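One structure is given below, encoded as C-alpha cells.
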Amino acid sequence: MNYREAMEYVEYLQRYGSVPGLQNMQRLCERLGNPQEGLRFVHIAGTNGKGSVLAYVSTVLQTAGYKVGRYISPTILDYRERFQIGGRPIAKTTLCRYLERIKEIAEQMEKEGLTHPTPFEIETAIAFLYFSDKKCDIVVLETGLGGSLDATNIINTTVCAVFTSISMDHMAILGDSLEKIAKQKSGIIKDNCHVVTCRQKDEVMQVIGNAAREHGCSLTIADSGKASHIKYGLGKQYFSYGDYKKLEITMSGQFQIDNAVLAIEVINTLQSKGFKVSEKQLRAGLIQTTWLGRFSIIEKKPLFIVDGAHNEDAAKRLAQSIRLYFTNKRIIYIMGVLADKEYDKIIQATYEFAQHIITVKPPHNTRALDGYELANAVKDYHNSVTVADSLMEAVEMAYLLAGKDNNTVIIAFGSLSYLGELIHIVEHKDALRGDSHGRSE
C-alpha cells in the first residue's frame with residue numbers, strides 16, 4: 001500500500017460512519033496485541049478547548065525532554081497530523097504499514113460476522129500502535145466524541161483525566177442536558193488516576209466530583225479566575241498564576257488564558273506522578289505552543305483570522321475575543337458550518353460584530369450545510385449577507401470587500417473541516433488566481 005492507496009482506503013472507510021461503543025474497539029486492539037496497555041496517558045474530554053490544552057501540555061512535556069505522543073482529531077492541514085511524536089506527524093511509510101496491517105484484521109473481522117471497525121476506531125488503533133512501537137514516555141490524547149463510549153476510552157493506564165469546558169453540543173448522541181453530557185464525558189475517569197478540570201457550571205462540577213470520588217481519584221480545579229496581571233494581545237499574552245509570575249503565551253484569544261491555566265495544573269499534577277518539569281521548561285513550553293485554527297492569524301494585511309467556533313460556547317468565546325481585540329474595527333465574516341450543529345445559536349452569538357457576512361458550504365463533507373440555507377438563517381439577524389459558491393470565491397469576496405482598508409479584519413469560522421483548504425487558498429491566492437485565469441482562457 002502506497003500513500004495514495006492509503007488515503008483512498010481512508011476515504012473508503014467513511015462508509016462505516018461513527019458508532020459509539022467499546023466492544024469492537026476492544027476486539028480490534030486485542031488482535032493487535034493491545035498496544036495501548038504499555039502506555040501512560042493524559043486523557044482529555046470536553047466540549048471546547050481540548051486541542052489547545054493538549055497542545056500546551058504536550059509541548060511543555062516535550063520541552064522537558066519527554067517523548068510525547070499526540071493523538072488529535074479533526075486535523076486542519078494534513079491527515080497525518082492525527083498521529084504525532086515530538087510535534088512531528090507520522091511518516092507516510094509508517095502510516096501505510098499500519099493501515100495495511102489493520103485493513104487485513106478489519107476484513108477478517110467482517111468475514112467472521114463481526115462489525116467492521118469505524119474510521120475513528122482504526123485511527124485510534126494506529127495511534128496506539130505507533131506510540132507503543134516508538135516507546136513514548138507519555139501520550140496526550142483527546143476524545144473524539146463524549147467519553148464513556150468513545151474509542152479512546154479502552155485505555156486503562158490513565159495518569160491524568162482532564163476536563164475542558166463542558167457545554168451543550170452533540171445532544172442527539174450525548175444527551176439533552178449538561179448533566180447527561182457531563183456524565184458521558186466523565187466516563188474517561190479511571191480508578192486512582194488524578195482528575196483535573198477547569199471551573200465548570202455547578203451541575204457539571206457535581207457530576208465530575210462524584211465520578212472522581214467513585215474511582216478514588218484526587219480532584220484539582222484549575223480556576224482561571226485566579227490568574228492575575230493579565231495582559232491580552234494578538235501574538236503575545238501575559239498572565240500570572242499561583243507561584244508563576246508573568247507567564248507568556250503566543251496563542252491569541254481571550255480563552256487561551258483559561259486553557260493555559262488548565263494545562264499548568266495538569267503539568268503540576270504530572271510532576272507528582274514523576275514527570276519532572278522545571279519552571280524554565282514550563283515557561284518555554286507555553287511560549288512555543290501553537291495550535292492552528294484557534295483564533296489563528298494567517299495573514300496580517302488585511303488581518304485574516306481563522307477560528308473553529310463550531311458550537312454556541314465556542315461562538316461566545318469568539319465573540320469575547322472580537323470584543324476584546326477589535327473594537328472600532330470593520331469586520332467581514334466567512335461562515336461555513338455543519339448541518340447538525342446549532343448554527344442559529346452560532347449566528348446569534350456573533351452576528352452583531354460583522355459589517356458583512358459571506359456564507360459558504362464546507363467542501364468534501366457530507367454533513368455540511370448549504371451556503372444558501374446558512375445565508376437564509378443569517379438574514380434573520382443581519383441584512384448584509386452574500387453566498388459564495390466556493391471557498392475560493394469566499395476568499396476573493398472578502399478581499400474585495402476589505403480593499404486596502406487597514407482597519408478591516410476578515411474572520412473565517414465555523415467547522416474546522418474547511419479551514420485547512422481555506423488557509424491553503426489564502427497562502428497561495430495569487431498563484432491559484434493565476435492558474436484559474438489561465439484555465440478559463
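The values are calculated or read from the model by the stated rules, or taken from the named source; none is laboratory data. As the structure is a computational prediction, the values presented were derived from the model and not from experiment. Using ideal geometry, Cβ is built from the backbone for each residue, glycine included, and neighbour counts are taken over all protein chains shown. The accessibility values were calculated without ligands, DNA or RNA, using every heavy atom of the protein model including side chains. Shrake-Rupley method; radii C 1.70, N 1.55, O 1.52, S 1.80 Å.
On the stretch given as the stretch 279-303, residues that are small (Gly, Ala, Ser) and open to solvent by 50 Å² or more (accessible area, probe 1.4 Å) total 0.
Quick one: is Phe304 among the aromatic types (Phe, Trp, Tyr) and either under 16 Å from the mean Cα position of the chain (by Cα) or within 19 Å of Lys50 (Cβ to Cβ) (or both)? It is false that Phe304 is among the aromatic types (Phe, Trp, Tyr) and either under 16 Å from the mean Cα position of the chain (by Cα) or within 19 Å of Lys50 (Cβ to Cβ) (or both). Of all residues in the stretch 297-314, those that are touching a Gly at 6+ places or on another chain (Cβ under 9 Å) and not in a loop (DSSP other than H, G, I, E, B) total 4. Considering the stretch 234-254, the residues that are touching a residue at least 60 places away in the same chain (Cβ under 8 Å), over 15 Å from Tyr56 (Cα atoms) and in contact with a Phe, Trp or Tyr (Cβ under 8 Å, 6 or more places away or on another chain) include one that is least open to solvent (accessible area, probe 1.4 Å), namely Gln254.
Among the residues of the stretch 136-159, are any without any contact (Cβ under 8 Å) to a residue 60 or more places away in the chain and surrounded by fewer than 21 Cβ atoms within 10 Å (Cβ to Cβ)? Yes, that holds for at least one residue. For the stretch 255-265, indicate whether the set of residues that are over 23 Å from Gly235 (Cβ atoms) and in contact (Cβ under 8 Å) with a residue 60 or more places away in the chain is non-empty. Yes, because at least one residue in the stretch 255-265 is over 23 Å from Gly235 (Cβ atoms) and in contact (Cβ under 8 Å) with a residue 60 or more places away in the chain. Inspect all residues belonging to the stretch 22-38 and state whether any of them is more than 30 Å from Gly113 (Cα to Cα) and either open to solvent by 10 Å² or more (accessible area, probe 1.4 Å) or touching a residue at least 24 places away in the same chain (Cβ under 8 Å) (or both). No. For the stretch 15-56, the set of residues classified as in contact with a strand residue (DSSP E or B) (Cβ under 9 Å, 6 or more places away or on another chain), among the aromatic types (Phe, Trp, Tyr) and not in a strand (DSSP E or B) consists of Tyr56 only. When the criteria are applied in full, Leu324 fails the requirement of being more than 24 Å from Ser167 (Cα to Cα) and part of a helix (DSSP H, G or I). Screening the stretch 210-250 for residues that are of a type in the set (A, V, I, L, M) and in contact with a helix residue (DSSP H, G or I) (Cβ under 7 Å, 6 or more places away or on another chain) and picking the one that is farthest from Trp291 (Cα to Cα) gives Ala211.
For every residue, the table says whether it meets (1) of a type in the set (A, V, I, L, M); (2) touching a strand residue (DSSP E or B) at 6+ places or on another chain (Cβ under 9 Å).
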| site | (1), (2) |
| --- | --- |
| Lys183 | no, no |
| Val207 | yes, no |
| Glu214 | no, no |
| Cys217 | no, yes |
| Thr220 | no, yes |
| Asp223 | no, yes |
| Lys226 | no, yes |
| Lys231 | no, yes |
| Lys236 | no, yes |
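The condition (being in a helix (DSSP H, G or I), under 16 Å from the mean Cα position of the chain (by Cα) and more than 25 Å from Ser272 (Cβ to Cβ)) is satisfied by just one residue among Thr75, Thr124, Thr93, Thr59: Thr124. Among residues of the stretch 321-345 that are open to solvent by 10 Å² or more (accessible area, probe 1.4 Å), those with a Cβ under 6 angstrom from a residue that is among the aromatic types (Phe, Trp, Tyr), sequence gap 6+ or separate chain, pair up as Leu324/Tyr232. Inspect the stretch 360-370 for any residue being surrounded by fewer than 19 Cβ atoms within 10 Å (Cβ to Cβ), at pLDDT 95 or above, within 23 Å of the chain's Cα centre (by Cα) and of a type outside the set (D, E, K, R) and give the result as yes or no. No, that holds for no residue. On inspection, Ile76 fails the criterion of being modelled with pLDDT of 95 or more and buried (at least 16 other Cβ atoms within 10 Å of the Cβ). Within the set Ala349, Ala394, Ala398, the sole residue that is in a helix (DSSP H, G or I) and more than 11 Å from Ile334 (Cα to Cα) turns out to be Ala349.
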